[in-house]
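Input: a single structure, listed below in structure tokens.
The values are calculated or read from the model by the stated rules, or taken from the named source; none is laboratory data. Small disclaimer: the values here were computed from a predicted structure and weren't measured. Cβ sites come from the backbone with ideal geometry, for glycine too, and all protein chains shown count toward neighbours. For accessibility, only protein heavy atoms count, side chains too; no ligands or nucleic acids. Shrake-Rupley method; radii C 1.70, N 1.55, O 1.52, S 1.80 Å.
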Amino acid sequence: MLRPDHPLCAGARPSSPARRAFLIGAAGGGFVMAFARANTLLPESAPATVIAERGFEPSLWFRIGNDGRITVNVIRAEMGQHVGTALARILADELEADWSHVRVNHVDTDPKWGLMVTGGSWSVWQSWLPLAQAGAAGRMALIEEGARLLGAAPEACIARNSTVIAGTRTISYAQIVQRGDLTRTYTAEELAQLPLKPPAERRLVGIDTQAIDIPGKTNGKAVYGIDAQVDGMVFARPLVPPTRNGSTVVNVDDSAARGIKGYLRTVTLEDPSNTVPGWVMVCAESTYAAMRAAEKVKVTWRNDDTAQVSEQDILDFGIKQFADAAAGATVVDDEGVDVAFTTAASTLERIYTTASVLHFQLEPLNALAFEKDGRWEIHTGNQWQSLILPTLAKALGVGEDKVLMRTYLLGGGFGRRLNGDYAVPAALTAKALGRPVKMTCTRPDDVRFDSFRSPSIQRLRMGFDAAGTIVAMQHDASAGWPTLVMVPSFMPKGRNDRPYDPFAIAGADHWYTVGAQRVRALSNDVANRAFRPGWLRSVGPGWTNWAVESFMDEAAHERGIDPLSFRLALLDGAGRNAGSAPNAVGGAKRQAAVLRRVAEIAGWGTPLPKDTGLGIATTFGQERDMPTWVACAARVRVDRASGEVRVEKLFLVADAGTVVHPDGALAQMEGAALWGMSMAVLEGTRFENGQVRDTNLDTYTPMRMADCPELQIEFVASTETPVGLGEPATTVVAPAIGNAVFAAVGARLRHIPIRPAAVLEALKQAT
């Protein structure tokens, strides 16, 4: 997603050839590789000595040891999605590696790795080509050197299972590393032309094998951020102010805390980065003591006007934005939209809303920070190291080269740990005390400091001519913009030359052919000031697709057309919806294919029991330039007396191109679908008086095991470019459920989560 010239990539470059036998790294629009002789690495050592001692480290991305063990360097965070397995599989397949020899190394921060971010369902999609090319180049180098050692011609040799084979003679990769002189060089042009294996010859990609990280997670050896510790560290718990922004400390009274055994002191943070304004840190000799002492410390804050902001204020502001035709950024803006609506024979307009949604990852926020040898070390699980490093440097008053983030497993991320703000208070406290500080948040601390998913309000309009043909469609969406708040340089410009947050509008630029189309993104300034909007699994598509697919259903019923047939007619692949290489080949026609298939397996059109309905929806996951085509049919039963909605079964079909790690892909779809259902009918909070209302799992109620429906999931067999699977299924479930409720009892819902009271009210309106 990021161009090499993007501001976030500034200064991010691979190591020099003097440190690698050959180098693979991002450069311009392609990739550069250079093999250097081993004696260039260490001039005082002979090549054979270097190789014998260090193994074969042919790129940034992997190394082969003397014993044949292959270590793949991964810059993506592991948070349960088995990303290391998927990425290692790409490289190992092209390398023709023995999978049992492959290991994964999740690396610490270093400019040589370039941009370090794990989100947006980007990991496999962004890493596919560089890792495949790295593996292919390594395979070629090993075949050529193996052939020399065997006394054979390279073209007479093949590689299989970490072995080079020439007829009946073989030599292992380990033996080549031990005995060979790996000096082959490639130009950038040669690298770009490297032939990758055809799909029919893949031996790891798309094949079921165990994820590499599972043993450590089951035997207790896996180390998470919350496990990090060093000698002499102080333990801390924050006292979070009443507002995310605009709070200042007036007075701190820790007299009652002094009676707690192990209590040390309370620190009022001074934060040059303005990440944690008004924060107070309670420090002690243990986490337990810090937790207890924090309950005794009394803090008086002065707050700004955001302490009075409510969720309704945010939605009301969005309504005002809709009325201003000049407001916002236009993401799609065809000619003739206004004329088409003015001359339309009929129009349909609806408003859709979504509630604030919290992350509630299993592992509470935590961070360990200390200074060592003039450099700050930050030990924590994080999804976007490249984003928080400059902030940490600013907070600490040092150069970015003086901050290093150590990598740990994440006990849940879901977008919360894209925002690494939680590392700042630990670092500032460590600076104030001159000692290592380990901060651990309680659940309420975590929630009140959450950069949660903003509430949203959307207005959709559609115009029809006298024959009922769609002539125009407009989609206006107002919500808090996480990218504007945290990394504005990441925002592209719209058709009217105004920047917009793609993570707050993606999905509204759908693949339906609807005549003249306009999509308008509106930054909800009330939300942006009152809290820090965050990225939460699927972000904007979690609300834009709720609106689009609910509206498509309403439009179909308005026209008296079957909702499936209505959608399929609009997914004709015309114009900009035709798709393009390499990521969106086939365009809307591939989306139509998954929609047809999900209708088929769900039994669309067959009779169902009373008060039971089947709803359908389809989306493309995240962004148009890397679409994951997905469709869902939800079967629900509605209790007319209580308004309770029971989801009985979810059917899902996805076309994600090449599926690299089938078991991981299935797990991603399952988890995403259940999260989508949880946000549709169970979880959600409200912003009240400058804070979220619910701060723990007694009142915030995500899905429990007893709520889980039966799942039936299929993947379309494909050899197209692999795209993302971490988030797409979250975007399609909610509208499928809402449409199913209407099919069951005629109650139309336009807000998620769908509460029983709302169903009962909709039933009254329907009758």
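Data table
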{"read-out": "Residues satisfying the stated conditions in region 495-512, i.e. at negative phi and buried (at least 19 other Cβ atoms within 10 Å of the Cβ)", "value": "Tyr500, Asp501, Pro502, Phe503, Ala504, Ile505, Ala506, Ala508, Asp509, His510, Trp511, Tyr512"}
{"read-out": "Residue within region 651-673 that is more than 30 Å from Arg202 (Cα to Cα) and either open to solvent by 40 Å² or more (accessible area, probe 1.4 Å) or among the polar types (S, T, N, Q) (or both) present", "value": "no"}
{"read-out": "Options Glu371, Glu349, Glu335; residue that is touching a strand residue (DSSP E or B) at 6+ places or on another chain (Cβ under 9 Å), part of a loop (DSSP other than H, G, I, E, B), open to solvent by 20 Å² or more (accessible area, probe 1.4 Å) and among the charged types (D, E, K, R)", "value": "Glu335"}
{"read-out": "Single match in Arg567, Arg624, Arg596 (criterion: at negative phi, outside any loop (DSSP other than H, G, I, E, B) and open to solvent by 20 Å² or more (accessible area, probe 1.4 Å))", "value": "Arg596"}
{"read-out": "Enumeration of residues in region 605-621 that are open to solvent by 10 Å² or more (accessible area, probe 1.4 Å) and not in a loop (DSSP other than H, G, I, E, B)", "value": "Thr612, Leu614"}
{"read-out": "Qualifying residues in region 389-402 (those that are touching a residue at least 12 places away in the same chain (Cβ under 8 Å) and open to solvent by less than 10 Å² (accessible area, probe 1.4 Å)) - the one farthest from the chain's Cα centre (by Cα)", "value": "Leu396"}
{"read-out": "Condition met for Arg646 (among the basic types (Lys, Arg), touching a strand residue (DSSP E or B) at 6+ places or on another chain (Cβ under 6 Å), crowded, with 22+ Cβ neighbours inside 10 Å and modelled with pLDDT of 95 or more)", "value": "no"}
{"read-out": "Ala521 vs. criteria on the phi < 0 side of the Ramachandran plot, open to solvent by less than 10 Å² (accessible area, probe 1.4 Å) and free of Cβ contacts under 8 Å to residues at least 12 places away in the same chain", "value": "no"}
{"read-out": "Options Ala734, Ala717: the member that is surrounded by 23 or more Cβ atoms within 10 Å (Cβ to Cβ), among the small types (Gly, Ala, Ser) and closer than 28 Å to Gln591 by Cα", "value": "Ala734"}
{"read-out": "Residue that is least open to solvent (accessible area, probe 1.4 Å) [pool: residues in region 352-368 that are touching a Pro at 6+ places or on another chain (Cβ under 8 Å) and not in a strand (DSSP E or B)]", "value": "Ala355"}
{"read-out": "Some residue of region 700-722 being part of a loop (DSSP other than H, G, I, E, B), more than 27 Å from Arg596 (Cβ to Cβ) and in contact with a strand residue (DSSP E or B) (Cβ under 7 Å, 6 or more places away or on another chain)", "value": "yes"}
{"read-out": "Matching residues, region 330-382, being small (Gly, Ala, Ser) and more than 24 Å from the chain's Cα centre (by Cα)", "value": "Gly336, Ala340, Ala344, Ala345, Ser346, Ala369, Gly374"}
{"read-out": "The listed residue being modelled with pLDDT under 95 and not charged (D, E, K, R), out of Gly246, Gly225, Gly220, Gly206", "value": "Gly220"}
